[in-house]
Amino acid sequence: MATQSPDTGARSTKTLDQALRPAHWEHYIGQPVIKENLRILLSAARGREQQPEHVLLYGPPGLGKTTLAHLISKEMSASLRSTSGPAIERVGDLASILTNLSPGDVLFIDEVHRLNRAIEEVLYPAMEAGVLDIVIGKGPSARTVQLELPPFTLIAATTRISLLSAPLRSRFSGGVFRLSYYSEPEIEEILRRSAGILGIEVDGESIAEIARRSRATPRTANYLLKRCRDFSEVNGEALDIKTVRKALSLLEIDEMGLNQIDRDIISVLIEKYGGGPAGLKTISAALSEEEATIEEVHEPYLMQLGFLERTPRGRVVTEKGHVHLGFAAPKKQSLGL
Ligand code: ADE
């Protein structure tokens, strides 16, 4: 069985993950430019006694978008109301959320790219003018009633900024920030902090090994740390480099942090399509994996490693990608780049 993604479902795991989430800015490691921009945005708004403007955070999953939303609301001493694009199915759902906000609240909408257009239309005036336009009745007798909303700050998060309409994007007047992958020293720092919180004794070499294989992503790093701890406890072994390597090998995570699906994407491209170019639909059909998962979870990291490129003609495995999976490096002109 291939292990693909951090477990987020079980109740006890959620509690562990919540324990690991930094509750203070000092504990939020990395993303220095975003942190500084947010610090200025929030402190300027506080100085003027104004509501901070709306913020959009984007980037691959697991980099800490939700954590930032929590920290922002805490900094504002505001309540955080959390929802997500798929959870808001009808205009009425959003209307109800907005009208139930208290003055000063932070509204967090995760996966905001999955809001449908009719709902976006309701969000525009809410973001811009703090009003809700409600249509009462149907046909010629329909009329619009405007409700004033309590002042609020919207923090939206997405893994797919390209799917956001330009009008929606432009309404995040507080800023649009892209979270980037973490450096190995940053991930090591996060892991040391997490090990401390979980009461895990782990040496520097093991921390470095987990960091190297963490996809440069805090959520994955913490997931691997927890699984290594499980492995060491169940097998009665100390949590040292040998145990870490065995645990990660059982999870089918390789030395660069690739999991089985990452490797399948690269191999299918090489074995069936001569290294590419091949389209996303083709890869998805060949592997029976969701297009969205390939595009949002797997490809960003493969591109970050320089193993894969997205070209106008499709996906292409690079020379580095060939070599990592043990294939002969392709001749330059056959790369299709
Ligand atoms: N957990 C998720 N993101 C984090 C970060 N940037 N620093 C520390 N812990 C985290």
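Quick note: the coordinates plus some simple rules give every number you see, no bench work behind them. In this text, all values refer to a predicted model and were calculated from it rather than measured experimentally. Quick reminder, even Gly has a Cβ in these numbers, built from the backbone with ideal geometry, and neighbours come from all protein chains shown.
For the chain, what does the helix formula give at 222 nm: sum of -39500 (n - 2.57) over DSSP H segments with n ≥ 4, over the residue count, nearest 500 deg cm²/dmol?
Helix-only estimate at 222 nm: -13000 deg cm²/dmol.
Beyond 30 Å between alpha-carbons counts as too far, so tell me which of Lys226/Lys272; Lys65/Lys281; Lys246/Lys320; Lys35/Lys242; Lys65/Lys331; Lys272/Lys320 fall in that bin. Can you show the working numbers first?
Working: Lys226/Lys272 36 Å; Lys65/Lys281 28 Å; Lys246/Lys320 26 Å; Lys35/Lys242 37 Å; Lys65/Lys331 41 Å; Lys272/Lys320 18 Å.
Result: Lys226/Lys272; Lys35/Lys242; Lys65/Lys331 exceed 30 Å.
Using 7 Å Cα-to-Cβ label points, what is the Glu291/Glu89 separation (nm, one decimal)?
2.4 nm
Could you work out how far apart the two model spin labels at Asp254 and Ser170 are, taking each label as a point 7 Å from the Cα in the direction of the beta carbon, and quote it in nm?
Reported label-point gap for Asp254 and Ser170 is 4.5 nm.
Using alpha carbons only, how many degrees (0 to 90, rounded to 10) separate the axis of helix 241-250 from the longest principal axis of the chain?
70 degrees
For Thr318, what residues show an amide H to amide H distance below 5 Å, using hydrogens built from the backbone and excluding near sequence neighbours?
Leu308, Glu309
With both bridge residues required to lie in the chain, what share of the DSSP beta bridges run antiparallel, to the nearest 5%?
Working: 11 of 28 bridges.
Percentage antiparallel, nearest 5: 40.
Helix 184-198: angle to the longest alpha-carbon principal axis of the chain, degrees 0 to 90, nearest 10?
80 degrees
Which of the peptides 232-242, 157-167 is most tightly packed, and how do the rest follow, judged by the mean count of other Cβ atoms within 10 Å per residue?
157-167, 232-242
How much net charge surrounds Gly30 when only the other residues with a Cβ under 10 Å from the Cβ of Gly30 are counted, with Lys and Arg +1 and Asp and Glu -1?
Values: positive: Lys35; negative: Glu186, Glu189.
Combined, the nearby Lys, Arg, Asp and Glu give -1.
Taking amide H positions as placed in the peptide plane 1.01 Å from N, state which residues far from Gly175 in sequence (5 or more) or on other chains have amide H under 5 Å from it.
Leu56
Could you work out how far helix 218-234 tilts from the main Cα principal axis of the chain, as a 0 to 90 degree angle to the nearest 10?
The helix 218-234 is inclined about 50 degrees to the chain.
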